[in-house]
Amino acid sequence: MCGVATLYYIHSSDNELVEKYRMNMQEKLRFILERARLPKGTDIQALLKDPMTFYKEASTLEKEIGQSKETSMPEEGNDLKLSGQEKNDKRPLLNQHNLDNIELVIFPSVNNCNKTVYNEMIKNHKGPTVPTSDMYPCKKWNKPRPNDRFWPIVIEPSEGKILNSIDLHHVKKKVLTQVKEQLGIQQERVHRLKETCSKYPELAIRQHVTLVWDTKTDPPVIYCPLYKVASTTWMVYFLRLAHINENNTALDKYKKSGKEKKRYMPRFGGGHRRVFQEFKAPKTSKERNKVFQESLRFIVVRHPFTRLLSAYRDKIERPNPKPYSPYFKELQQAIIKKYRMKGSNITFPTPTFSEFVDYIIDSTADLKTAQDWEENVVCWTPYWSQCGVCSSDYQVVIKLETMDDDEQFLAHIADLKEIQNVHEWRNHKRASVTSSDVIPKYYRSLTQQQILLLYERYKVDFELFGYSLDEYLPDANP
């Protein structure tokens, strides 16, 4: 049997939460006992405080820890009821000596808005370009104003109602058949959105989301960019729509292929920030309300697990991730410190995929609302949270797995001539988004329990967009 000490943690500033922690103690202990791995010091941390507290600034956390010295062991006769499997568990007990040697791991906060690092970099910087200010995410929940009834708004899913009202007379005959076929696919996708959102009515809330507003088209086109889901590709598309750098003579010295690529780079006035400058939201909340309801709204998604793997390879596996390099470097070291067993033969300087997944599973266990996710997570926030899927009535769902067909469908029905490419869009199927050799390499390192727990964290996204675990569970470790 795996013994776990019961620890009571008292918030110095919020004593009414004590009873809540005591009531939930058995449930939390049972969760630890059911885990497939030996409980670690990090599990004890989960008993000590709410995950929201866990991500506070180090100084605040240390101050609170100093006030939580008391520990107590369960009284005899009050042990949790264990299953037969748990009773036969031969793993070593977590004794008081082990508890005394537990080292608290402090994770960097996504709410850190301290500009000290950036200011130091600017002071010591030499060169023609100014470094990005993206040192830390500095995420904050932008609470809707209760007295503003116009924005943000909640629109019930309409199953792509606007698609049926768009006149297709401008669509060229050579692609009209494909457009009509794709229309049927899109209707199935938005029907799924409606069905899933009806299961989770609590997700239909007023919330501010980051949007790109193209109000020059008829109807207006609105896009919600998502981390690690072709957002850079679509930012380039919008820069094409804005005809950025078409007459920039500074690019004349480059060959045609290089010139096309460089015209969208930040150093030449492109980049994501330029997109938001060119495609701003209407000034007043009343105008935003009107344009939003009349617009063609779209979102780009991919399988939640390939997205998570992409985030890992870009932000956690790489020694020098950008942007937010200081934040992600701190996060990398904290994950290793917390999840890599002492004496392990793993020598990677950055976290393994399994360590990263354990971090995701533990750190998001109590995140329930969009505000919870937005205040505590960056780069792997669920789709439903980041883009308000059940509040925004998206009428076109582009999937990375069928990107070529989907994006060209949108380009033609919205008459976005700058991004139409008829010659490459004739039943052309995009190559595998993530190499078939790469996905197994990472996900085979996980246990089935890890995959199932990870699925639970992103279950709503799976349901909203029709993804499954079929490709992942069979090859996982028992």
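The values are calculated or read from the model by the stated rules, or taken from the named source; none is laboratory data. What you see is a predicted model; the values in this text were computed from it and never measured. We place every Cβ from the backbone using ideal geometry, glycine too, and count neighbours over all the protein chains shown.
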- Query: Any chance region 138-149 includes a residue that's within 21 Å of the chain's Cα centre (by Cα), charged (D, E, K, R) and either surrounded by 15 or more Cβ atoms within 10 Å (Cβ to Cβ) or part of a helix (DSSP H, G or I) (or both)?
  - Reply: yes
- Task: Return the pairs, sorted by first residue and then second, in which the second residue is at pLDDT 95 or above and of a type in the set (Gly, Ala, Ser), the first residue lies in region 375-387 and is closer than 15 Å to Phe298 by Cα, the beta carbons are less than 9 Å apart, and the residues are 6+ apart or on different chains.
- Result: Trp384/Ala370; Gln386/Ala370
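When the residues of region 252-270 are narrowed to those that are among the hydroxyl-bearing types (Ser, Thr, Tyr) and at pLDDT 85 or above, which ends up surrounded by the fewest Cβ atoms within 10 Å (Cβ to Cβ)? Explain how you work it out, then say what you get.
Residues of region 252-270 that are among the hydroxyl-bearing types (Ser, Thr, Tyr), as a first pass: 254, 257, 264.
Adding the requirement that they be at pLDDT 85 or above leaves 254, 264.
On the way: Tyr254: 13, Tyr264: 21.
The selected residue is Tyr254.
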- Can you name the helices (runs of 4 or more DSSP H) wholly within region 307-398 that have at least 2 residues being aromatic (Phe, Trp, Tyr), within 17 Å of the chain's Cα centre (by Cα) and crowded, with 20+ Cβ neighbours inside 10 Å? 325-339, 353-363, 383-386
- From the list Lys194, Lys228, Lys199, pick out the single residue that is surrounded by fewer than 18 Cβ atoms within 10 Å (Cβ to Cβ), touching a Ser or Thr at 6+ places or on another chain (Cβ under 9 Å) and not hydrophobic (A, V, I, L, M, F, W, C). Lys194
- Query: In region 299-314, what count of residues is obtained for those that are over 22 Å from Phe348 (Cα atoms) and in contact with a helix residue (DSSP H, G or I) (Cβ under 6 Å, 6 or more places away or on another chain)?
  - Reply: 3
- In region 223-251, which residue that is under 15 Å from Glu278 (Cβ atoms) and among the aromatic types (Phe, Trp, Tyr) is modelled with the highest pLDDT? Tyr223
- Tell me, yes or no, whether region 271-279 has at least one residue that is under 30 Å from Leu203 (Cβ atoms), loosely packed, with under 15 Cβ neighbours inside 10 Å and not assigned by TED's automatic domain parsing to the domain that holds Val190. yes
- Consider Glu159 against the criteria (1) under 30 Å from Asp415 (Cα atoms); (2) modelled with pLDDT of 95 or more: it satisfies all of them except one. Which criterion is unmet? (2)
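Of the residues in region 169-213, how many are polar (S, T, N, Q), within 21 Å of the chain's Cα centre (by Cα) and part of a helix (DSSP H, G or I)?
1
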